[in-house]
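Trainee: Just dropping this structure here.
The values are calculated or read from the model by the stated rules, or taken from the named source; none is laboratory data. In this text the structure is predicted, and so the values were computed from the model without any measurement. Cβ sites come from the backbone with ideal geometry, for glycine too, and all protein chains shown count toward neighbours.
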Amino acid sequence: MHNARLGELVDYPFQRLRTLLDGVRAGTEPTIDLAIGELRHAAPPMVAATLARAAAGWGKYPPTEGTPALRQAIAVWLTRRFALAPGLIDAERNVLVVAGTREALFMAALVATPRQKGRRWTAVLMPNPLYQVYFGAAIAAGAEPILLPADKASGYQPDLGALPSELLDRTALVYLNSPANPQGSVLARDRLAQALALARRHDFVLAVDECYSEIYTSAQPPMGALEAAGGALDHLLVFHSLSKRSNVPGLRSGFVAGDEALITLFKRLRHYGGAQVPLPVQEASLALWQDETHVAENRALYRAKFELAAATLGPAGAPPGGGFYLWLEVGDGEAIARRLWAEAGLRVMPGAYMARTDAAGRNPGAGHIRVALVDDLATTRTALERLRPILVQAGAQSVRAP
């Protein structure tokens with residue numbers, strides 16, 4: 001006996017990559033892993049110091065919703081970062097601490113999705129390519145996952161305004177990701193405002209995954225959904241994490257903020273099935289949300305690596321709007337991934353594994369690879385120098401020959 005809907009899930013991308021490369025010897029040593037977005041910059045020194053200072057908290061059960069001090073620090077950060085009206089984000093009513101955003105994004109579908117909407121099967125909409133958790137969440141919630149193209153033709157973001165009213169009327173939840181993983185595209189204010197207007201008109205929840213919002217190369221930071229909310233939080237949830245912002249993926253600390261009624265339900269659900277964030281971790285999180293110096297230093301490291309990528313690869317290495325990935329057009333992503341491992345000792349992610357095959361039989365990631373620029377500058381230079389000749393030989397788009 002088992003949940004038959006789990007058969008609709010494919011293996012997670014990293015499992016699929018291991019299968020693809022199984023039995024293939026790396027052609028160059030040392031190998032370099034560019035497949036996983038696991039940050040390898042040093043964690044801010046305040047993390048270890050704060051964890052040690054707060055060590056007595058390991059022996060206590062933490063509050064599921066987060067400590068009042070941490071929620072207040074998050075409310076202050078949101079207000080400052082997104083230039084919100086004072087008081088719009090209330091720490092008690094609009095903020096919930098979570099154990100990283102993966103769990104929270106998954107639970108969002110359980111919070112927002114009824115068995116049916118009207119008399120029709122409920123839909124959960126998501127971009128394609130996508131963070132695979134969105135699809136798994138829709139399946140677990142008993143909804144129909146609907147894949148929305150997020151390719152070059154759409155500016156690497158889904159166009160909600162082009163969707164029929166009949167679909168939006170049966171939609172319970174829409175996931176958006178800005179800056180997007182893997183493409184690095186950023187939603188402009190008008191697209192965010194349009195998405196919120198549609199959520200309110202058709203009564204669905206807009207869940208905006210903004211975990212890459214603090215890693216950008218432009219002079220101005222990416223727009224956030226809260227900025228486009230028009231001074232109201234109904235129908236909106238936003239998700240943030242310290243993993244990328246503060247280079248602490250192992251800390252497993254983030255938050256969800258937005259609609260008070262939804263946050264109340266979210267809290268209730270987490271009391272049943274959510275992982276509590278340990279008190280020492282919450283203390284370290286508070287210190288991180290209150291400091292921007294380490295964030296700026298982290299961002300500068302990524303800017304330097306994108307400058308190196310552009311100098312090495314040409315137009316293909318141009319920085320995206322946000323995040324730390326190169327989304328490269330290479331023809332056959334799986335074939336290139338195998339070749340890069342076999343000839344250059346580089347592990348990259350085939351783009352097909354970052355997307356799903358749609359109803360028309362098309363996988364919008366199939367012609368790409370995702371390259372994570374997460375190592376130090378010297379290792380990144382070595383990786384790019386190994387990467388370039390193979391991509392040039394393969395005729396990859398916009399890659400400059402040496």
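Trainee: Within the stretch 40-73, track down each residue that is within 23 Å of the chain's Cα centre (by Cα) and part of a helix (DSSP H, G or I).
Mentor: V47, L70, R71, A73
Trainee: Which condition from (1) at pLDDT 95 or above; (2) buried (at least 16 other Cβ atoms within 10 Å of the Cβ); (3) in a loop (DSSP other than H, G, I, E, B) is the one that A83 breaks?
Mentor: (2)
For (1) farther than 24 Å from D358 by Cβ; (2) part of a loop (DSSP other than H, G, I, E, B), each residue gets a yes or a no:
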| position | (1), (2) |
| --- | --- |
| A75 | yes, no |
| T79 | yes, no |
| R102 | no, no |
| P114 | yes, yes |
| F135 | no, no |
| Y156 | no, yes |
| G161 | no, no |
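Trainee: Within the group G184, G161, which residue is out of contact with any Cys (no Cβ under 9 Å at 6 or more places or on another chain), assigned by TED's automatic domain parsing to the domain that holds G136 and at positive phi?
Mentor: Matching residue, one of G184, G161: G184.
Trainee: Quickly run through the stretch 254-285 and pick out the residues that are within 16 Å of P68 (Cβ to Cβ), surrounded by 22 or more Cβ atoms within 10 Å (Cβ to Cβ) and not aliphatic (A, V, I, L, M).
Mentor: F255, Q282, S285
Trainee: Out of the stretch 269-293, which residues are touching a strand residue (DSSP E or B) at 6+ places or on another chain (Cβ under 8 Å) and modelled with pLDDT of 95 or more?
Mentor: Residues satisfying the conditions are R270, V277, Q282, S285.
Trainee: Which number in (1) farther than 29 Å from T264 by Cβ; (2) buried (at least 17 other Cβ atoms within 10 Å of the Cβ) marks the one condition that A75 misses?
Mentor: (1)
Trainee: To continue, here is another question. Quick test for you: out of E65, E92, pick the one residue that is assigned by TED's automatic domain parsing to the domain that holds P145, charged (D, E, K, R), crowded, with 18+ Cβ neighbours inside 10 Å and over 19 Å from R245 (Cβ atoms).
Mentor: E65
Trainee: Take the residues in the stretch 24-39 that are under 17 Å from the mean Cα position of the chain (by Cα) and not small (G, A, S), then tell me which one is surrounded by the fewest Cβ atoms within 10 Å (Cβ to Cβ).
Mentor: Result: E38.
Trainee: Out of everything in the stretch 185-211 that is small (G, A, S) and touching a residue at least 24 places away in the same chain (Cβ under 8 Å), what residue ends up being nearest to Y325 (Cα to Cα)?
Mentor: So, considering only residues that are small (G, A, S) and touching a residue at least 24 places away in the same chain (Cβ under 8 Å), the one nearest to Y325 (Cα to Cα) is S185.
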